[in-house]
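The values are calculated or read from the model by the stated rules, or taken from the named source; none is laboratory data. Because the structure is a prediction, the values reported are computed rather than measured. Using ideal geometry, Cβ is built from the backbone for each residue, glycine included, and neighbour counts are taken over all protein chains shown.
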Amino acid sequence: MMMGMKTVELTHFNNISRKLPEGWELVPLGTITDVIMGQSPPGKSYNSEGKGLPFFQGKAEFGDLLPTPVKWCTEPKKISQPGDVLISVRAPVGPTNMTREESCIGRGLAAIRPGNGLNTKYLLYALRALENSLSKQGTGSTFGAIGKKLLSDFAIPVPRPIQPSESLQIQRRIVARIEAFMAEIKKARQLLDQMRYDSEVIVEAKSEEALSGLGTIPFQALVKSYKNGIYKPKHYYGRGYPSARMFNIKDGEVNLDGAPLLDVTPDELDTYGLKDGDILINRVNSRELVGKSGWVSNNLGPCTFESKNIRVRIHNNLADPAFIVIGLNSTFVKKQILQKQKPAIGQATINQSDLNELEIPFSSDIKEQKKIVDDIMKVKAEVDEMRCLQQQDIELLNQLEQSILERAFRGEL
């Protein structure tokens, strides 16, 4: 039974007005929808060949509006029908999508099937407006989760529910207004995405221009012996190194992720430690990222590297490490690396011998090297500033999107 009240306190709304418009009611989902909690099918029924129903396990398959299947299932336990709203009920709680076709849903999802008096997209946008509040109600010591009772008791605002025909007309009008605004926001996001891509191309183009007039040199000629230079720690291979500080290679530099260094002996640190000026190269990764390089330039402190990377130390200060990394990350060298990659299960690899054979852009004039680095770093600094502004714009668009949803369910659209 629906709640018979003209105005009601919105106890689980965040920034939405605390009172509903005249004639609106706050209605628990369990009274106007069917809530179907997902259930994991037998593991033997999973496949990636498109056999059976599309199988969605959680938010990972969600798109802007519709999920994209990566697995299928021949023995579904719980099924979502076209027009259902899918909602993530386990880590994270709250994200939503719509079901396009009959699908199997695992325990990370629930399907909310609207009744005759509720528009599917109205339900979707109402849940998105309230996602933060719903997420806060998730329980669990390890990760958030909600069950059927909590989801069924969760209430959304419904305009004039005692007059179903008029209510649906209002819901459709609100959905149309929301989608008109969202279409403009989508255009703005696409423009920002293009600007972000263009900014990345600017740095790459500057690098290619700076390196274009240089000759090349075999990479092996720049490094010390195998033992002290390009060193792959064989006894780490295959098991990683859990006590090492973790780092990432981004924009040509090596950055720490903040984990402390634990239980590393002085000998290990001496053999596998990183020093300012060291170069790290991805040895095992996706095809696009194998060979990606970065230099240690910000005094990382005690830090070791793992078997998925190769460390390089330049011989007799013949080159600026930043200059070498710019060459290694250039299109000219990337093409060589792609040709040398060896397939692995789900990944690709290169080895020390492959790297030794690379021809890289090089100038023997240290001053010229440093000038090239300085010129590229200036461009990079300008691009970084552009990216910062773009990120601010993205955050403003996110705020605008949430504001539109809040206004819609205050009855202001």
Which residue, of 148, 136, 121, is surrounded by fewer than 18 Cβ atoms within 10 Å (Cβ to Cβ) and either β-branched (Val, Ile, Thr) or at pLDDT 90 or above (or both)? 148
Selection from segment 237-284 of residues that are farther than 18 Å from residue 347 by Cα, of a type in the set (Lys, Arg) and at pLDDT 65 or above: 250, 275
Look through 82, 41 and report the one residue that is in a loop (DSSP other than H, G, I, E, B) and in contact with a Pro (Cβ under 7 Å, 6 or more places away or on another chain). 41
Looking at this structure, is residue 70 within 19 Å of the chain's Cα centre (by Cα), closer than 18 Å to residue 149 by Cα and either at pLDDT below 95 or in the same structural domain as residue 135 (by TED's automatic domain parsing) (or both)? no
Within segment 27-38, can one find any residue that is surrounded by fewer than 19 Cβ atoms within 10 Å (Cβ to Cβ), of a type outside the set (D, E, K, R) and at pLDDT below 90? no
Select from segment 164-190 the residues that are under 18 Å from residue 33 (Cα atoms) and either free of Cβ contacts under 8 Å to residues at least 40 places away in the same chain or surrounded by fewer than 13 Cβ atoms within 10 Å (Cβ to Cβ) (or both) and list them in ascending order. 165
Can you name the condition, by its number, that residue 115 falls short on among (1) closer than 27 Å to residue 52 by Cβ; (2) surrounded by fewer than 17 Cβ atoms within 10 Å (Cβ to Cβ); (3) small (Gly, Ala, Ser); (4) at pLDDT 90 or above? (1)
When you check residue 103 against the structure, is it within 18 Å of residue 62 (Cα to Cα), at pLDDT below 95 and among the hydroxyl-bearing types (Ser, Thr, Tyr), yes or no? no
Looking at segment 277-369, what helices (runs of 4 or more DSSP H) fall wholly within it and have at least 1 residues that are within 15 Å of residue 221 (Cα to Cα) and over 25 Å from the mean Cα position of the chain (by Cα)? 321-328, 352-357
The one condition residue 407 fails out of (1) under 22 Å from residue 124 (Cα atoms); (2) in contact (Cβ under 8 Å) with a residue 24 or more places away in the chain is (2)
Hey, does segment 73-81 have a residue that's at pLDDT below 95 and among the small types (Gly, Ala, Ser)? no
Here the residues within segment 359-382 that are more than 15 Å from residue 214 (Cα to Cα) and of a type in the set (A, V, I, L, M, F, W, C) are 376, 377, 379, 381
Take segment 285-306 and flag every residue that is among the hydroxyl-bearing types (Ser, Thr, Tyr), at pLDDT 75 or above and in contact with a helix residue (DSSP H, G or I) (Cβ under 6 Å, 6 or more places away or on another chain). 293
Residue that is nearest to residue 111 (Cα to Cα) [pool: residues in segment 152-204 that are among the polar types (S, T, N, Q) and in contact with a Leu (Cβ under 9 Å, 6 or more places away or on another chain)]: 152
